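Below is one structure; the comments refer to it alone.
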Amino acid sequence: LCCKLPTPLPSAVPVRKREHARVADGSVAPAMNPFAADGFMTKFGELIPGVNDGIQALHKRAGNEEAYQRARKNNPVGADGALTRLGEHIPGVNNIVQELYEKAASSCSSCAREADPNGTQEELHKNAGKQEQLQRARKADPIGAEGGITKVGEHIPGVNNVIQELHKNAGKGQAAARARLVDPLGCDGYVTTAAEYTPGVNQLVQVLHAKANKGEHVQRARERNPVGANGWITQVGERIPVLNDGIRALHRNAGQFEAAERAEGRTLQALLSKDGAITKLAELIPGTNLLAAAMHELHGNHEEADRAIDLLRNWHHFGHPNGALAKLAELLPGVDIVAFALHLNAGHYPHALRAITKTERVIVDGSVTLVLCLRNLQVLELKELVIVNLSYHPKAFSLGSSLVDLAMNFLDMDKNGHQRRRMNRRRKDLALPTHEDSGMKREAKEKLVKSINDCVAGQIDKQIDNVKDHIAKAVKDANERLQQKRALHWSFARGLPEKLPDPDETFVRSVQDALERMTFRHEKLDFFPDKLMPRILPDDALSRKVSKYAGRTSLTCLAGCALLVPSLKALTVGCAAGVVSAGAYAWHEAAGFVVARLNRQNSEATEATVAPSEATASSASSSSSSSGPVASAPAGLVAELQLSDLPTLELGLCEYVLKCTALSSGGSMLAGRLPYLSSTCRRWVEGWIVDGESSPLPLVISVPLPAQCIPIGVEHGEPAIYLEVPAYTLGLLLHCRPSSSGSCVLERMRVVITDEQLGRLAECVRVQVQTWDLRKLDPRLSGFTQPIHLNFGLGMQWEYGSETARVELSDLSLSLHLPR
């Protein structure tokens, strides 16, 4: 193999050998010299301050311009060197660097003036100087307007004022505004905020805010005053007996009646009242119970006197929410939180709030915005909960978090104290929303949102499981009406079945699955079908065909008349041809009649579904004169069944109809002819009404729902509250297509309701809810001493073309009256 190789070129390897060879005098070749222009020692020296200047001179003397520019660029004390950049961030050194840049820039400008007396090149030389580096050094100056030391100094009391003056003198308005904003001694500074929580200093801060005409800050300082009406020192003092009476008197003298009511729960007068903690304790001890009974009689409290005498009953009610144990626990600091938890888990909501507030009433008001995602019933969730201007009275320790705990317990537990039904396996996991709030507030929101989503998901699952009961009830009602119809006439008794059967489990399960996967979307209702046009032949072609059939018929009839009996078959054929010709014309006329009837049906149903009410129409017409034309199609909510669920529902419904038809004596004969009839109808519809290959047959059905009275809540075995739902109309849109098997395939099914009807239903519900006594809805609310009325304003906004809705509950107000 080596013999077959060609002779190598002499310049292939020897050239590389010459690069590594030594010259005759023993020195290294230039390519390997570490001190050459590109040697590693030279490049390393370019990174050393001082050495770099000598290397630059050597490069310049040797005429190596490329190496000279590289050395200038690598100069550590040059304009862009590492040491220079580091010095720009050191106080004092930065000013020296700026002066060097200014001198370099001025020298470039002077050189330009000497070389060009007209000054045309001065600007170019100035730009080629150190202007860019000068601006960079000024920006990096640590004691400049944007420097790090300056910004740190702005957060130091006293130093901030000096920096503000320097910013003003330098004409730095933006930097001066920033310094005023972060002033620790300013209205919102951290020193001022800390002083507002300090006893004694708070009053001084209030005076300073008042002199600066800062009304909002004065109010904030008053609310934070630790020795004010709602201060933490004041509330601690209210928990100390005897001292509590003095604080209550101060509250009354200052006109703070809400705070006085809060302090009243621990005064000696309250403790020794007929239901006070000391009185309850005295009624448990033999001997002192007689003294307590005498005091009750002395004050005219006869029922309480009888109660004090009965020791056994008192001990039996020892752990009652109004018993002695609960009363004593609510008085002790720290133990009252335990009493709150016990009352809450036992479903005694009024007593739980009493343990925290020690008042007779709790008022909650504010505004709440709910962002709902209504993609389908499997993913119906609360995405975001926005609480605006929420306030509660009285101002007590842990009242806000206690209200959140109460709401979560109400959502998680039912009225019997059992865990509410959670989402089942068929339901997808709901992701928790992200809030801009942080800390405990964000955590409380997330827990509340999760409880709401779990509660709603459980209720939806419960209603979907109740579909079987609803279908059974509908069949039962239909059977009652069926018996009434059968009794009217013998033809009804023969044609109608005696009783409708119950649907099988498979069909019910398919209905439940279809409802779960039904999608919702808010959009403009502009998809209603246009008028149908029957597939008829042109008039000339139709007349030619009819004339042709008629001509053949006449000739055949004449021949039959001439020959009479021998041509009886021909006469029969001619008559049949005439009948076919007339049937074709009648078939065409029937198609035109059906199309006209379908168009009229679709038009009437569309108008009944999307036409606004008279009040809405009048308001729209009045607004259109001033703000422009009104949109032709309103917006609304569209619910659509999944395409994969339609064949199963259609098959189950058809089987049920056939099963019902076969139960009657006349219907059994009809059931055997249904395949032939359906095939004939399919060919007629496909050939004369619609194009079976391109467009389906649209059908709009208006579904008017009558006014209903829905029972809500149960009290003593009877409905406690009735919700009156006004009449409204739904639109059912079906797209059908004839199939080759003779049936009619359902391609699409949608249910629509307009925004106008949704708003009317929501307003009707809002007005009724405001009149309800919410205590009747749940026995856990029955302990409140006065009716609970929820007042709020309701608004709903949809994101166009999406499934997201914003429900705004504005001006929400709730008053809860607690037991003493």
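The values are calculated or read from the model by the stated rules, or taken from the named source; none is laboratory data. Predicted model, so just to flag it, every value in this text is computed and none were measured. Cβ atoms come from the backbone with ideal geometry, glycine included; neighbour counts cover every protein chain shown. For accessibility, only protein heavy atoms count, side chains too; no ligands or nucleic acids. Shrake-Rupley method; radii C 1.70, N 1.55, O 1.52, S 1.80 Å.
From Asp513, Asp526, grab the single residue that is at pLDDT 55 or above and outside any helix (DSSP H, G or I).
Answer to the selection: Asp526.
When you scan region 265-275, how many residues do you find that are surrounded by 19 or more Cβ atoms within 10 Å (Cβ to Cβ) and modelled with pLDDT of 80 or more?
So the answer is 0.
What pairs come out if I take residues in region 378-395 that are farther than 30 Å from Ile464 by Cβ and open to solvent by 30 Å² or more (accessible area, probe 1.4 Å) and pair them with residues that are hydrophobic (A, V, I, L, M, F, W, C) and assigned to a strand (DSSP E or B) whose C-beta lies under 6 Å away, six or more apart or interchain?
Here the result reads Ile387/Val368; Tyr392/Val364; His393/Ile363, each pair linking region 378-395 to a residue that is hydrophobic (A, V, I, L, M, F, W, C) and assigned to a strand (DSSP E or B).
Tally time: how many residues in region 746-765 are more than 30 Å from Leu653 (Cβ to Cβ), open to solvent by 40 Å² or more (accessible area, probe 1.4 Å) and either in contact with a Leu (Cβ under 8 Å, 6 or more places away or on another chain) or without any contact (Cβ under 8 Å) to a residue 24 or more places away in the chain (or both)?
Number satisfying all stated conditions: 3.
Kindly establish whether Leu331 is touching a Pro at 6+ places or on another chain (Cβ under 8 Å) and under 15 Å from Arg820 (Cα atoms).
The answer is no for Leu331.
Being at pLDDT 65 or above, assigned to a helix (DSSP H, G or I) and either of a type in the set (Gly, Ala, Ser) or open to solvent by 90 Å² or more (accessible area, probe 1.4 Å) (or both) is the requirement here; does Ala145 meet it? Show your work before the answer.
Working: at pLDDT 65 or above: yes; assigned to a helix (DSSP H, G or I): no; either of a type in the set (Gly, Ala, Ser) or open to solvent by 90 Å² or more (accessible area, probe 1.4 Å) (or both): yes.
When the stated conditions are applied, Ala145 does not pass them.
Would you be able to tell me the number of residues in region 476-499 that are touching a residue at least 60 places away in the same chain (Cβ under 8 Å), outside any helix (DSSP H, G or I) and open to solvent by less than 100 Å² (accessible area, probe 1.4 Å)?
2
Looking at region 493-507, is at least one residue modelled with pLDDT of 85 or more, under 27 Å from Glu803 (Cα atoms) and within 44 Å of the chain's Cα centre (by Cα)?
Taking every residue of region 493-507 in turn, none turns out to be modelled with pLDDT of 85 or more, under 27 Å from Glu803 (Cα atoms) and within 44 Å of the chain's Cα centre (by Cα).
Would you mind telling me which numbered condition in (1) surrounded by fewer than 14 Cβ atoms within 10 Å (Cβ to Cβ); (2) closer than 26 Å to Thr754 by Cβ Met518 fails?
Evaluating Met518 over (1) surrounded by fewer than 14 Cβ atoms within 10 Å (Cβ to Cβ); (2) closer than 26 Å to Thr754 by Cβ leaves (1) as the failure.
Does Ala254 count as open to solvent by less than 80 Å² (accessible area, probe 1.4 Å), within 28 Å of Arg361 (Cα to Cα), modelled with pLDDT of 85 or more and in contact with an Asp or Glu (Cβ under 8 Å, 6 or more places away or on another chain)?
So Ala254 fails the test.
Which condition number does Thr198 fail, the rest of (1) outside any helix (DSSP H, G or I); (2) surrounded by 16 or more Cβ atoms within 10 Å (Cβ to Cβ) being met?
With (1) outside any helix (DSSP H, G or I); (2) surrounded by 16 or more Cβ atoms within 10 Å (Cβ to Cβ) applied to Thr198, the lone miss is (2).
So in region 312-358, with the set limited to residues that are of a type in the set (Val, Ile, Thr) and within 36 Å of the chain's Cα centre (by Cα), which one is nearest to Arg262 (Cα to Cα)?
This residue is Thr357.
Filter region 40-80 down to the residues that are outside any helix (DSSP H, G or I) and touching a Pro at 6+ places or on another chain (Cβ under 7 Å), then identify the one that is most open to solvent (accessible area, probe 1.4 Å). Break it down stepwise before answering.
Applying the first criterion (outside any helix (DSSP H, G or I)) to region 40-80 yields 46-50, 63-64, 75-80.
Next, from what is left, pick out any that are touching a Pro at 6+ places or on another chain (Cβ under 7 Å): 47, 49, 76-77.
Values: Leu47: 102, Pro49: 66, Pro76: 13, Val77: 80 Å².
Checked region 40-80; the qualifying residue most open to solvent (accessible area, probe 1.4 Å) is Leu47.
Here is a list of conditions, (1) at pLDDT 90 or above; (2) out of contact with any Asp or Glu (no Cβ under 7 Å at 6 or more places or on another chain); (3) open to solvent by less than 70 Å² (accessible area, probe 1.4 Å), and Glu803 meets all of them except one; can you say which number that is?
(1)
Would you mind finding the one in Glu607, Glu655, Glu589 that is farther than 28 Å from Val511 by Cβ, modelled with pLDDT of 70 or more and in a helix (DSSP H, G or I)?
When all the criteria are applied, what remains is Glu607.
Here is a yes/no grid of residues against (1) of a type outside the set (Val, Ile, Thr); (2) assigned to a strand (DSSP E or B):
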| position | (1), (2) |
| --- | --- |
| Arg760 | yes, no |
| Val769 | no, no |
| Thr785 | no, no |
| Asn791 | yes, yes |
| Met796 | yes, yes |
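Restricting to region 356-369, and then to whatever is open to solvent by less than 40 Å² (accessible area, probe 1.4 Å), in a strand (DSSP E or B) and not hydroxyl-bearing (Ser, Thr, Tyr), can you tell me which residue is nearest to Leu271 (Cα to Cα)?
Pass one, region 356-369, residues open to solvent by less than 40 Å² (accessible area, probe 1.4 Å): 356-359, 362, 364, 366-369.
Subsequent filtering for residues that are in a strand (DSSP E or B) retains 362, 364, 366-369.
Among the residues that remain, those that are also not hydroxyl-bearing (Ser, Thr, Tyr) are: 362, 364, 366, 368.
Details: Val362: 21, Val364: 27, Gly366: 34, Val368: 39 Å.
Per the stated criteria, the residue is Val362.
Of all residues in region 500-515, which are open to solvent by 80 Å² or more (accessible area, probe 1.4 Å) and among the β-branched types (Val, Ile, Thr)?
Thr506 - this is the single residue of region 500-515 that is open to solvent by 80 Å² or more (accessible area, probe 1.4 Å) and among the β-branched types (Val, Ile, Thr).
Filter region 317-342 down to residues that are in contact with an Asp or Glu (Cβ under 9 Å, 6 or more places away or on another chain) and assigned to a helix (DSSP H, G or I) and give me whichever is most open to solvent (accessible area, probe 1.4 Å). First the steps, then the outcome.
Within region 317-342, the first condition is being in contact with an Asp or Glu (Cβ under 9 Å, 6 or more places away or on another chain), and the residues that meet it are 322, 324, 327, 329-330, 336, 339-341.
If we keep only those that are assigned to a helix (DSSP H, G or I) too, we end up with 324, 327, 329-330, 336, 339-341.
Values: Ala324: 5, Lys327: 23, Ala329: 20, Glu330: 11, Asp336: 5, Ala339: 8, Phe340: 14, Ala341: 42 Å².
That would be Ala341.
Sort through Ala260, Ala210, Ala229, Ala293 and tell me the only one that's in a helix (DSSP H, G or I) and either touching a Pro at 6+ places or on another chain (Cβ under 6 Å) or under 20 Å from Glu360 (Cβ atoms) (or both).
None of the other options fit; the residue is Ala260.
Closer than 30 Å to Ile149 by Cα, modelled with pLDDT of 75 or more and surrounded by 14 or more Cβ atoms within 10 Å (Cβ to Cβ), is that true of Val93? Lay out the reasoning, then the answer.
On the way: closer than 30 Å to Ile149 by Cα: yes; modelled with pLDDT of 75 or more: yes; surrounded by 14 or more Cβ atoms within 10 Å (Cβ to Cβ): yes.
In short, yes.
Check Val364, Val379, Val371, Val388 and return the single one that is under 12 Å from Ser813 (Cα atoms) and β-branched (Val, Ile, Thr).
Details: Val379 fails: under 12 Å from Ser813 (Cα atoms); Val371 fails: under 12 Å from Ser813 (Cα atoms); Val388 fails: under 12 Å from Ser813 (Cα atoms).
Residue meeting the stated conditions: Val364.
Given the structure, is Asp245 open to solvent by 20 Å² or more (accessible area, probe 1.4 Å), assigned to a helix (DSSP H, G or I), more than 23 Å from Ile363 (Cα to Cα) and free of Cβ contacts under 8 Å to residues at least 60 places away in the same chain?
Considered against the rule, which asks whether it is open to solvent by 20 Å² or more (accessible area, probe 1.4 Å), assigned to a helix (DSSP H, G or I), more than 23 Å from Ile363 (Cα to Cα) and free of Cβ contacts under 8 Å to residues at least 60 places away in the same chain, Asp245 comes out as yes.
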